[in-house]
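Here's the structure we're looking at; comments come further down.
The values are calculated or read from the model by the stated rules, or taken from the named source; none is laboratory data. Because the structure is a prediction, the values reported are computed rather than measured. Neighbour counts run over all protein chains shown; Cβ positions are idealised from the backbone, glycine included.
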Amino acid sequence: MSHGEDWSFVFEKVATMQKRTFSLGKMMLAAVGTISLITLAFWVWRSANTLVPDELIGEWHTSNAIYADRSFEIDPVSISFGTGGGTVTTGFIRKVSTVQQGARTLYTISYQTDESVNEVCLYYETAKGKVIHFRNQESIAWTQD
């Protein structure tokens, strides 16, 4: 066999090989399925520690005159503090932990701002309506509108 014949044999073999092609639709379906599974796994893994209890969701105010221009709001993904003068600081909730302490519940919310990771600890009580007291300011009651 000469070199020319060797190559023709190779080309003939390649030409007769069955080509397996994947359609664009099948490749897109596989990609979307993979991304969906990754997203679902991430959501399930992360949501266990970040679920904000329904009783905390809403805007909270106090009748204490010192904090008349202050408020805070908790939603399912963030916590915002109205710090007076129209300024607001917002952080995205990373983790919520719960400790039952008799008739009240201590919630510790870990949140991420642009600058750092912070934590706020608050007591939630229902004995005299729905009331929140910050752990570092237990004498001040915050209620929802």
So residue 104 clears everything in (1) loosely packed, with under 13 Cβ neighbours inside 10 Å; (2) more than 14 Å from residue 120 (Cβ to Cβ) except one condition, right? Which one?
(1)
Out of contact with any Gly (no Cβ under 8 Å at 6 or more places or on another chain) and free of Cβ contacts under 8 Å to residues at least 24 places away in the same chain: which single residue out of 68, 103 fits that description?
68
Can you give me the ranges of the strands (runs of 3 or more DSSP E) entirely in the range 61-110 with at least 2 residues that are among the aliphatic types (A, V, I, L, M)?
88-101
Test residue 132 against the criterion of being in contact with a helix residue (DSSP H, G or I) (Cβ under 8 Å, 6 or more places away or on another chain), among the hydrophobic types (A, V, I, L, M, F, W, C) and touching a residue at least 60 places away in the same chain (Cβ under 8 Å), and give yes or no.
yes
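A quick yes/no check of all residues on (1) at negative phi; (2) in contact with a strand residue (DSSP E or B) (Cβ under 8 Å, 6 or more places away or on another chain); (3) among the acidic types (Asp, Glu):
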| position | (1), (2), (3) |
| --- | --- |
| 59 | yes, yes, yes |
| 74 | yes, yes, no |
| 79 | yes, yes, no |
| 84 | no, yes, no |
| 88 | yes, yes, no |
| 91 | yes, yes, no |
| 96 | yes, yes, no |
| 104 | yes, yes, no |
Residues being of a type in the set (Lys, Arg) and within 15 Å of residue 56 (Cα to Cα): count how many of those fall in the range 88-134.
3
Residue 23 assigned by TED's automatic domain parsing to the domain that holds residue 125 and either surrounded by 10 or more Cβ atoms within 10 Å (Cβ to Cβ) or modelled with pLDDT under 90 (or both):
no
On the basis of being surrounded by fewer than 17 Cβ atoms within 10 Å (Cβ to Cβ), free of Cβ contacts under 8 Å to residues at least 12 places away in the same chain and in a loop (DSSP other than H, G, I, E, B), does residue 119 make the cut?
no
Take the residues of the range 59-74 that are farther than 18 Å from residue 119 by Cα, among the hydroxyl-bearing types (Ser, Thr, Tyr) and surrounded by 13 or more Cβ atoms within 10 Å (Cβ to Cβ): which is modelled with the highest pLDDT?
62
Return the residues of the range 75-99 that are farther than 16 Å from residue 112 by Cα and touching an Asp or Glu at 6+ places or on another chain (Cβ under 6 Å); say none if nothing qualifies.
84
